[in-house]
Amino acid sequence: MGFRDFIFKKSLWLFHFGGASCNNCDIEILDCLTPRYDVERFGMQLVGSIRHADVLLVSGSINQKDKIRLLELYNQAPRPILVVAIGACACTGGIFAEGNVFAGPVDQIIPVDAYIPGCPPKPEAIIGGIVKLLTHPPFDSSLSRERGGTGGESTK
Ligand code: SF4
């Protein structure tokens, strides 16, 4: 097990970025924190700063303004960072993909390690997707992007 795999094995700290959306995905993410689903039993918790995060959760459609913020966040994130796209909007654009301010699915803006589809995905699916990252870290896969580098596009 490499160092990167080891540090992502337990207690992932999550930072949530919500794009322009209907907010149902955001509600389902919050549902994961309730006593019923209780992701803290896996050591997961939401943090208020990307600088404290192991995982960047992105939900909602990304418009032109969101794109700037998302790139800023990604470039401020500690390395390595895992990125999870949650919901149809984040994965593909969903019902907002035809909008004139739509800036593209998340993976056309920053590298994405896991996709959790659904509109919205159930809390079980969100938890399952993140836990899968714990057991199948992406660094040895075909994702050959340089995770230790600066990453992301320019925000200019
Ligand atoms: S994927 Fe569906 S539920 Fe989630 S933000 Fe988009 S429209 Fe809303």
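Read-outs throughout are calculated quantities, based only on the coordinates presented, and are distinct from any laboratory measurement. Computed from a predicted structure; not experimentally measured. No Cβ is skipped: glycine too gets one built from the backbone with ideal geometry, and neighbour counts run over all protein chains shown.
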If you plug each phi of the stretch 27-37 into the Karplus form 6.51 cos²θ - 1.76 cosθ + 1.60 with θ = phi - 60°, what whole-Hz ³J(HN,Hα) values come out, in order, with x for Gly and Pro?
5, 5, 5, 5, 4, 4, 8, 6, x, 5, 9
For the stretch 3-138, take the alpha-carbon Rg, divide it by the Kirkwood Rh, and send me Rg/Rh.
0.94
Within the stretch 33-66, which trypsin sites (Lys or Arg not before Pro) sit in a loop by DSSP and count at most 13 neighbouring Cβ atoms inside 10 Å?
Arg36
Taking 25 Å as R0, compute the FRET efficiency from the Cβ-Cβ separation of Arg36 and Gln76 and round it to 0.05.
0.15
Put a dot 7 Å past each Cα toward the Cβ at Lys132 and Val47; how far apart are the dots in nm?
2.5
Per residue of the stretch 62-69, in order, report the coupling 6.51 cos²θ - 1.76 cosθ + 1.60 (Karplus, θ = phi - 60°) as ³J(HN,Hα) in whole Hz, putting x for Gly and Pro.
9, 9, 4, 6, 4, 4, 4, 5
Give me the one-decimal nm value for the distance between modelled label points at Ile68 and Val101, 7 Å along each residue's Cα-to-Cβ direction.
1.2
Taking amide H positions as placed 1.01 Å from N in the peptide plane, with prolines and chain starts having none, which residues 5 or more places from Asn63, or on another chain, fall under 5 Å of its amide H?
Ala20, Ala103
Scalar couplings 3J(HN,Hα) for the stretch 10-18 by Karplus 6.51 cos²θ - 1.76 cosθ + 1.60 (θ = phi - 60°), nearest whole Hz, x for Gly and Pro, are 9, 6, 6, 9, 10, 10, 10, 10, x
